[in-house]
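Written out below as C-alpha cells is the structure these notes cover.
The values are calculated or read from the model by the stated rules, or taken from the named source; none is laboratory data. From a predicted model like this one, the values you see are computed outputs, not experimental measurements. Please note: Cβ atoms are built from the backbone with ideal geometry, for glycine as well, and neighbour counts cover all protein chains shown.
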Amino acid sequence: MIQSLINIFSIKELRRRVLFTLGMLAVYRIGCFVPTPGIDASVLAKFFEGTQGTLLGLVGAFTGGALSRMTVFALGIMPYISASIILQLLTVVFEPIERLSKEGEQGRKTLTKWTRYGTIILSVIQGAGIAVGLQTMRGPGGEPVVPYPGFGFIFLTVLTLTAGTAFIMWLGEQITERGIGNGISLIIFAGIIADMPLAIINSIRLMQTGALSLFVVILISLAMVAVIWAIVFMERGQRRVPIQYAKRVTGMRASGGKGSHLPLKVNMSGVIPPIFASSIIMFPATVASLVDVPWIQKAASYMTPSHWLYNVAYVGFIVFFCYFYTAVTFNPVDVAENIKKQGGYVPGIRPGKQTAEFIDTVLSRLTFAGAAYVSAVCVLPTFLINQFNVPFYFGGTSLLIVVGVGLDTAAQIEAHLISRSYEGFMKGVTIKGRR
C-alpha cells in the first residue's frame, strides 16, 4: 500500500490530478465555515440541537454541518442532485428529452446545461423557503434566529445560498474534468466524513466517563468492518447474463461467433432509494419541529427511529424505490433489441421479446436481493442506537455513499497506475467501480 501511494506521486499527471482534487475539496470545506449574513449563529446552533431524525438532520449530514451553521454552502449539492434526478425521470416519460439523450455528445451537453438551470431554479426556491423559515425560528428562550427580518434579509439569503450551490456545482465539475474521481460524489463524500473526527472524540469521552464500555466499542468496530466488507462485496456483485454472437462471413473473412456477457448489478439503483425513503419518512418529524400542532406532533412520534412503524415504513419505501428507479433507468426491451441488432442472443432464449422477459425476470430477482441488502444496511443504525446507545450515526445512506465513492475513486487511480505499467492500487486485487 505504501509503495502504491509512492507510485501515485511518481506520475506527474496523476500527482497533479490528486493534488488538484484535494485542493478543491479544501476550498469546499473552507466555504462550509463562511456564515450567511443576518443570522444569530448561537441561537441557530441551539435550534439545530433538536433536528436529529428530521430532514434538516439528513441534509446537515450531507453538507458536513454547513446547514446547521447556515453558511454560504448550506444548501450543499442537493439541488444539483435533485435536478439531475428530475431530468433523468423526464427522460423516461417525456419523448423529446428521451430523443435528446440519444443524440450523443451534443445531447449530453444540452442535458448538462438544463441540469445547471434546474439547479439554480431549485436553489432559489429552497433558499427562499429557508430564508422565510429562519425568520420564524426561535431559540429555547424565544430569541429570534434572525434579529432583523424583512425582504432585504430574504433577498440576500437567497442570493448567497444560490451562489454557494452554483460554486459547489462548478467545483464538482472541475474535479471531474481536471482531478480524479467524480466531483459531485467526492463533495458529498467530504461532507459526510467531515464529522467523523468529532464522532470519534465523543466516543472516547463517553468511554472515559463510563457511559460506553470497551466491550461495546470493540463490538461496534467489528460490526463496522463487517458492514463495510458486505457493502464492498454487494456493490461489486453482478449477475452475468451470457451473450453469444453469430458468425458473420464477409467475403473470405469470418467475424463474430464470440461469447460475451451482460453484467447486471445486484444494486442497480445505488443510493437513490434510501435518500428518497429518508426524505419521505422524515417529513412528519420535520414539520413537527417547525409547527406546534397536537395531531402533527402525535403523528411525528410514530415516525421516530425507535418506533417499529418507522422501520417498517422505511424498509417498504426502500424496496419500492429500488424497483421504481431500476425500472426507470434500465429498460430490458431496449437492451434485448440492441442485442438482437448486433446479432447476439442468450443461449437457450429466443431473441427479441423472450430475451426481454428473461432479462426482466433476472433483474427483478436481483433487485429484490439488492433492496434487502440496502434495507439491512440502512436499518442497522437504528439497531445500534437503540441497543448499544451508539453516540454517532453509523451506517445507512452515508456509509453506502462513502464506500461507493471510495471504490470508484480507487478504481480510477488504479486505471492510471496500470496504464503506466505500475502495479495496481491494491496489490493482487482488481478494483471495480460501481458503474
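If you check Leu262, Leu309 for being modelled with pLDDT of 70 or more, among the aliphatic types (A, V, I, L, M) and surrounded by fewer than 16 Cβ atoms within 10 Å (Cβ to Cβ), only one passes: Leu309.
The set of residues in segment 72-87 being of a type in the set (Ser, Thr, Tyr) and crowded, with 24+ Cβ neighbours inside 10 Å consists of Tyr80 alone. Quick check: is even one residue across segment 121-128 assigned by TED's automatic domain parsing to the domain that holds Pro37 and not in a helix (DSSP H, G or I)? The answer is no; no qualifying residue exists. Inspection of segment 195-210 finds no residue satisfying the criterion of being outside any helix (DSSP H, G or I) and closer than 30 Å to Ile349 by Cβ.
In this entry, Arg178 passes the filter for residues that are charged (D, E, K, R), touching a residue at least 60 places away in the same chain (Cβ under 8 Å) and surrounded by fewer than 16 Cβ atoms within 10 Å (Cβ to Cβ). Among the residues in segment 359-377, are any assigned by TED's automatic domain parsing to the domain that holds Ala327, at pLDDT 85 or above, within 15 Å of the chain's Cα centre (by Cα) and not small (Gly, Ala, Ser)? Looking for residues that are assigned by TED's automatic domain parsing to the domain that holds Ala327, at pLDDT 85 or above, within 15 Å of the chain's Cα centre (by Cα) and not small (Gly, Ala, Ser), one finds at least one in segment 359-377, hence yes. Is it the case, given these coordinates, that Glu337 is touching a residue at least 24 places away in the same chain (Cβ under 8 Å) and either within 23 Å of the chain's Cα centre (by Cα) or part of a helix (DSSP H, G or I) (or both)? Judged against the criteria, Glu337 is not a match.
Here is a yes/no grid of residues against (1) touching a residue at least 12 places away in the same chain (Cβ under 8 Å); (2) assigned to a loop (DSSP other than H, G, I, E, B); (3) among the polar types (S, T, N, Q); (4) more than 25 Å from Tyr325 (Cβ to Cβ):
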residue: Leu100; (1), (2), (3), (4): no, no, no, no
residue: Thr115; (1), (2), (3), (4): yes, no, yes, no
residue: Ala163; (1), (2), (3), (4): yes, no, no, yes
residue: Ala166; (1), (2), (3), (4): yes, no, no, yes
